[in-house]
Amino acid sequence: MAGKPFLRCLLFLSCLSLALIILPGCGKGPAPQEGAGAGKGKKTEIVFWHSYVVTSTGPALQKLIKRFEAEHPDITLRAQYVPTGDQLLQKLTTAVMTNTAPDVCWTHNNWVAPLSKEDTIYDLEELAKQYGGFGEAEKKDFFPAPLQTSYYQGKLRMMPIEATNLGLAYNKDLFRKAGLDPEKPPKDWKEFVEYGKKLTLRKDNRVEQWGCTIPVFTGNLAGWTVWQWVTYLWGEGGQYADPSGKKVAFNSPAGVRALQFWVDLQHKYKIGSLTAPEQGFESQKVAMSLMGPWDLPHLKDMTFNWAIGPMPAGAKRRVTSLGAEYLVIFRQTKHPKETWEFVRWFITPEVQEQWSMDSSYLPIRQSVLKSPTYQAFLTKNPAMKAFAEQMPYSYGEPVLLPEAGEVDLLLATAIEKAVRDVASPKQALDEAAQKANLLLATARQKEASAAAKSK
């Protein structure tokens, strides 16, 4: 499901970055021409690469494409599915090198750094200035986080088109059995612990039911661990990266407090499992679990009563992790005006409303939440409503570290060390920060050296 971090793609970022450095300027196409497109009487074809799965979001996309083409009879949108992660990024790498990139492509924000290095993708504000459709009034209607994460080094390199976030799934039946009000999920992490103690059941020193799980993963899923943990970091007032982009910031006192909380869930409060039963929440062996809108289809098949509550508030702020996907326009396009029209059209409130209701993504425009039609949709879908109402609290840090994928691996290892009691939270985070900062410094030195040689 889009909206979740798609982590395997990070393995190819360095490859793409190297390709763009070796072939400077290969992605630069002609400057946009007013009215550039097909000749009179001919349709302009726009090639759109995406990773929307045929069996789930595919039908919603096809409906959207038909609507776009009906409203724009001079434009044909040729959508091509490419599996996300390895295959899509590999294909993009090859396409950029061979000057066969699509006009527009669906991306994750962690791809923006390598795609931006040789100016292979547009600063979308260039196109907005020339063709219109993205003024200050529209920007103000965006939820802040999706738009803020679309900028890279001061330029609007991506356009957010959908969002997700994390909420708290909980078993209402187990709440009742524990004497808890099933209509009142925990409002903050302190109350979360109190609930967890009542929901964790033991017999003969064996846990029969856990209050929650501690989402520690390794390997390709390391970034999934980090994406969940940073919610706790931000809730404590911390940040993942220093604003300078030259070093990490997760080993701050706020980071230590956030990681200590995960350690305490297992070792102090004893309510969180590192090795939860398979399908723990679904099998009713785990009472509370962090989930996103992408989990709703399979939750609808559960035979027990469940609900989605907001992410419990941290000590410093209420926040939930933002997940989003974006569109980028390649400079190789011969149809910048028509391609921009598609992107601009996609983010209009009317289209965002339809797309959210059909695809189960969250809208990126605030005005959609005020629409009577959308409110009626949310009333019929209370779980979706819980996620949608969290959008004002969703947050994602702007892309500051091109090597974020590698840094995530270091941070995930630190989180695991601390939770498994191999190192203290401070020791684990300081070690990861030291390695991450060395990695960042080395990368910047290599870039500076490559730039000097190319002059």
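Among Tyr170, Ala428, Met391, which residue has its Cα furthest toward the positive end of the charge dipole of the chain, with +1 on Lys/Arg Cβ and -1 on Asp/Glu Cβ?
Final value for the positive-end residue is Ala428.
Expressed as a whole number of Å, what is the distance separating the alpha-carbon centroids of the range 417-454 and the range 354-368?
38 Å
Please give the calculated 222 nm ellipticity per residue for the chain, where each DSSP H segment of at least 4 residues contributes -39500 (n - 2.57) and the sum is spread over every residue; nearest 500 deg cm²/dmol? Write down the numbers at each step before the final one.
Working: 19 runs with 199 residues, N = 455.
Rounded to the nearest 500, the figure is -13000 deg cm²/dmol.
Output the peptides 416-424, 169-177 sorted from most to least packed, where packing is the average of other Cβ atoms within 10 Å over each peptide's residues.
169-177, 416-424
List every residue whose amide H lies under 5 Å from the amide H of Met311, counting only residues 5 or more places away in sequence or on a different chain, with H placed 1.01 Å from N in the peptide plane.
Residues meeting the criterion, in which the H sits 1.01 Å from N, are Leu168.
Rounded to whole Hz and in sequence order, give me ³J(HN,Hα) for the range 48-62 from the Karplus expression 6.51 cos²θ - 1.76 cosθ + 1.60, θ = phi - 60°, writing x for Gly and Pro.
Residue by residue, the range 48-62 yields 10, 8, 8, 10, 6, 6, 4, 7, 10, 7, x, x, 5, 5, 4 Hz.
Which whole-number percent gives the relative contact order of the chain, counting Cα pairs below 8 Å spaced six or more residues apart?
Normalised by residue count, the contact order of the chain is 26 percent.
Contact order normalised by length for the range 257-325, with contacts defined as Cα pairs under 8 Å and 6 or more residues apart; what percent is it? Provide the component values of the computation, followed by the final result.
On the way: 20 pairs, mean separation 8.3, N = 69.
That works out to 12 percent.
Projecting each Cα onto the charge dipole of the chain (Lys/Arg +1, Asp/Glu -1 at the beta carbon, about the Cα centre), which of Phe304, Gln130, Thr107 comes out farthest on the positive side?
Ranked along the dipole, the leading option is Phe304.
Return the loop-located GluC sites (Glu not before Pro) in the range 224-283 (DSSP other than H, G, I, E, B) with at most 16 other Cβ atoms within 10 Å of their own Cβ; answer none if there are none. Numbers along the way, then the final one.
Values: sites: Glu236, Glu278, Glu282; in loops: Glu236, Glu278, Glu282.
Passing sites in the range 224-283 are Glu278.
Shape call for the chain from the C-alpha gyration tensor, a ≥ b ≥ c root eigenvalues: rounded (a/c under 1.5), prolate (a/b greater than b/c) or oblate? Each step should come with its number before you reach the end.
Values: a/c = 2.26, a/b = 1.39, b/c = 1.62.
Oblate.
Which shape class applies to the range 327-410: rounded if a/c is under 1.5, otherwise prolate when a/b exceeds b/c and oblate if not, where a ≥ b ≥ c are the square roots of the Cα gyration tensor eigenvalues?
On the way: a/c = 2.89, a/b = 1.22, b/c = 2.36.
Oblate is the answer for the range 327-410, as a/c is 1.5 or above yet b/c matches or exceeds a/b.
What ranking do Glu69, Glu162, Glu126 get, fewest neighbouring Cβ atoms within 10 angstrom at the top? Kindly include the intermediate steps, with their values, before the conclusion.
Values: Glu69 14, Glu162 25, Glu126 17.
Neighbour counts put them in this order, fewest first: Glu69, Glu126, Glu162.
In terms of the Cα gyration tensor, with a ≥ b ≥ c the square roots of its eigenvalues, is the range 254-336 rounded because a/c is under 1.5, prolate because a/b exceeds b/c, or oblate?
Numbers: a/c = 2.66, a/b = 1.50, b/c = 1.78.
Cα axes put the range 254-336 in the oblate bin.
Which of Ser367, Ser449, Ser394 has the fewest other C-beta atoms within 10 Å, and how do the rest follow up to the most?
Ser449, Ser367, Ser394
If contacts are Cα pairs under 8 angstrom and at least 6 residues apart, what is the relative contact order of the range 78-163 in percent? Provide the component values of the computation, followed by the final result.
Working: 42 pairs, mean separation 23.1, N = 86.
Relative contact order for the range 78-163 comes out at 27 percent.
Among 141-150, 112-121, 216-225, how do they line up from the highest to the lowest mean number of other beta-carbon atoms within 10 Å? Walk me through the numbers before you get to the answer.
Values: 141-150: 20.6, 112-121: 22.1, 216-225: 17.8.
Taking the mean over residues of other Cβ atoms within 10 Å, the ranking is 112-121, 141-150, 216-225.
Treating the beta-carbon of each Lys and Arg as +1 and of each Asp and Glu as -1, no other charges, what is the dipole magnitude of the range 216-296 about its Cα centre, to the nearest 20 debye? Walk me through the intermediate numbers first.
Details: 6 positive and 6 negative charges, 58 e Å.
For the range 216-296, the charge dipole is close to 280 debye.
So, with +1 on the Cβ of K and R and -1 on the Cβ of D and E, and no other charges, what is the size of the charge dipole of the range 359-455 about its Cα centre, to the nearest 20 debye? Display every interim value, and only then the final one.
On the way: 12 positive and 10 negative charges, 79 e Å.
Dipole size: approximately 380 debye.
Hey, which of these cross-link pairs are over 27 Å Cα-Cα: Lys184/Lys385; Lys247/Lys446; Lys197/Lys435?
Beyond 27 Å between Cα atoms: Lys197/Lys435.
Give the Rg (one decimal place) followed by the Dmax (whole number) of the range 49-110, computed from C-alpha coordinates and expressed in Å.
When restricted to the Cα atoms of the range 49-110, Rg and Dmax are 13.0, 35 Å.
Any read-out appearing in this document is the output of simple, stated calculations on the displayed coordinates, not a laboratory observation. None of the values given here were measured: they were computed from a predicted structure. All Cβ positions, even for glycine, are placed from backbone atoms using ideal geometry, and neighbour counts span all protein chains on display.
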